[in-house]
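Heads up, the thing below is written out as structure tokens.
The values are calculated or read from the model by the stated rules, or taken from the named source; none is laboratory data. What you are looking at is a predicted structure, and each value in this text was computed from that prediction instead of being measured. Virtual Cβ from ideal backbone geometry, glycine too; neighbours counted across all protein chains shown.
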Amino acid sequence: MIRVAVLVAVVVCSSALASAADAPMSEEDKRDHDQLRALLATFTQAFNTRKLESLLPHLHPKFTVTMINQDVVTNPKELQSYLDKQFDGPNARLSDVKIKPDADVLTEFVEGRVGFNRGSSVDTYTLKDGRVFTLNTRWTGTAVKDGDTWKVLNAHIGLDAIDNPILDAMDKLKWIWTGSALAIGLLVGFIAGWLLRRR
């Protein structure tokens, strides 16, 4: 009898979940999803062009963004300074970056019209020495609805710290330097031996 009751409960719950999943999307949700897609496009264009004017009205006053190098920015001035440092600073290594983020799922809404999402991005980094790296990153984002406008509250970009093209390039460079040092050492040894034999 208990088994039958459990089975009935499972079937009822499964049916309820299926019904909720199949429920038609409200008009408000449709509008909000469209606005959030537009917000992601605005974020992408602003970052790719490094022109933040179009993005600033869509940033929450208390926003935080954790960049791929794990620097954290919390206001428009810090965001602009971060970009200036990466591209135009005295030790800048980047000449261009193009990001191409894509959401894994539709934004999940919670009470109070707060939206959570996650996704991946294919990012192309061009260094000042001409090298180009394509990085597969992950991101999470939180947006809040302020009146009729959605604003970015939080975003976090992450990179696989163990397996990525930059580490591969550094590893290759290590072997190049090791080989070069070995070759130079052999050459110096040969010359020194040759000079000693001539004495």
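What to note about this one:
- Residue match in region 28-40 (condition: surrounded by 15 or more Cβ atoms within 10 Å (Cβ to Cβ), closer than 30 Å to residue 132 by Cβ and at pLDDT 95 or above): yes
- Members of region 46-57 found to be part of a helix (DSSP H, G or I) and exposed (fewer than 13 other Cβ atoms within 10 Å of the Cβ), listed by number: 49, 56, 57
- Of the residues making up region 80-90, not a single one is assigned to a strand (DSSP E or B), modelled with pLDDT of 95 or more and within 24 Å of residue 140 (Cβ to Cβ).
- Within region 58-74, the set of residues being assigned to a strand (DSSP E or B) and surrounded by 16 or more Cβ atoms within 10 Å (Cβ to Cβ) comprises 59, 63, 64, 65, 66, 73.
- Long-range neighbours under 9 Å by Cβ, at least six apart or interchain, first residue over 12 Å from residue 133 (Cβ atoms) within region 89-106, second outside any strand (DSSP E or B) and of a type in the set (Ser, Thr, Tyr): 99/44; 100/44; 101/44
- Residues of region 107-128 satisfying the condition of being in a loop (DSSP other than H, G, I, E, B), modelled with pLDDT under 95 and in contact with a strand residue (DSSP E or B) (Cβ under 9 Å, 6 or more places away or on another chain): 112, 113, 128
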